[in-house]
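Below is one structure; the comments refer to it alone.
The values are calculated or read from the model by the stated rules, or taken from the named source; none is laboratory data. Everything quoted here is computed from the prediction, not taken from an experiment. Note that we place each Cβ from the backbone using ideal geometry, even for glycine, and neighbour counts take in every protein chain shown. Surface accessibility is based on the protein's heavy atoms, side chains included, excluding ligands, DNA and RNA. Shrake-Rupley method; radii C 1.70, N 1.55, O 1.52, S 1.80 Å.
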Amino acid sequence: GDEPSYRAIEMRKTGDVAYEATVPGAEVQPGSMRYYIEAGDSVGRIVRLPAASRVQPDFSIDVTDDGSAPSVEHTPVDHHVPGQPLEIRARVTDESGVDRVRLHYRPTRQTMEYTTVVMQRRGSEYVATIPGQAIDPAFDLLYYLEALDVHGNGRFHPDPDLTQPYVVVKIRR
């Protein structure tokens, strides 16, 4: 059994019902930091959060100095035929590992919501297909990509800080 060892830190009251504690910086190391909270009352009753169980014995925080979002390489689709499925491909890489890549798309009609699909890894690329029935001949199509690494760093593509935040696909009429 590789039981974690815990060190107790006294929490200080910061409001009517709020408490906080600070873990000394020297004890914060890259990896997974695990913790739980115990509170006791004046007659010795103790409550633990999470309640000790095999399923979730404690909370876990991912400690990392990785602040970089994944890199996305994608050739935008500029035109397509209505009613035909449209495959979207992107090369997404990240040193710490890619967690997921999602495709968001909708017709250019403002009242329509984006549909979101998880892109599947295929070799060195991530791929998703927009079904033909979602490509209406009356409207062009908008799409953008979202990529997250295993530490929660994310990127939208196209980058909304640099250009319009979506790709416009002209639908042949």
>> Given the options 95, 87, 113, name the one that is acidic (Asp, Glu) and without any contact (Cβ under 8 Å) to a residue 12 or more places away in the chain.
In response: 113
> Looking only at segment 69-80, which residues are farther than 12 Å from residue 130 by Cβ and either more than 27 Å from the chain's Cα centre (by Cα) or not hydrophobic (A, V, I, L, M, F, W, C) (or both)?
Replying inline: 70, 71, 73, 74, 75, 76, 78, 79
>> If the requirement is being under 25 Å from the mean Cα position of the chain (by Cα) and open to solvent by less than 90 Å² (accessible area, probe 1.4 Å), which of these qualifies: 21, 90, 39?
In response: 90
> Across segment 44-67, which residue is most open to solvent (accessible area, probe 1.4 Å) among those that are of a type in the set (Asp, Glu) and in contact (Cβ under 8 Å) with a residue 40 or more places away in the chain?
Replying inline: 62
>> Restricting to segment 24-44, name every residue that is closer than 19 Å to residue 13 by Cα and of a type in the set (D, E, K, R).
In response: 38, 41
>> Residues that are within 16 Å of residue 86 (Cα to Cα) and open to solvent by less than 50 Å² (accessible area, probe 1.4 Å): list the strands (runs of 3 or more DSSP E) wholly contained in segment 102-169 that include at least 3 such residues.
In response: 125-130, 141-149
>> Quick check on my filter: what residues within segment 49-81 are closer than 15 Å to residue 97 by Cα, part of a loop (DSSP other than H, G, I, E, B) and hydroxyl-bearing (Ser, Thr, Tyr)?
In response: 64, 68
>> List pairs: first residue in segment 11-36 and within 13 Å of residue 63 (Cα to Cα), second residue part of a loop (DSSP other than H, G, I, E, B) and open to solvent by 70 Å² or more (accessible area, probe 1.4 Å) anywhere in the structure, Cβ distance under 8 angstrom, at least six positions apart or on different chains.
In response: 27/7; 30/65; 34/6; 35/6
> Looking at 116, 93, which one is of a type in the set (Ser, Thr, Tyr) and within 15 Å of residue 155 (Cα to Cα)?
Replying inline: 93
>> Kindly evaluate residue 70 against the criterion of being buried (at least 16 other Cβ atoms within 10 Å of the Cβ) and either among the small types (Gly, Ala, Ser) or in contact (Cβ under 8 Å) with a residue 60 or more places away in the chain (or both).
In response: yes
>> Looking at segment 82-101 only, could you name the residues that are in a loop (DSSP other than H, G, I, E, B) and more than 30 Å from residue 133 (Cβ to Cβ)?
In response: 94, 95, 96, 97
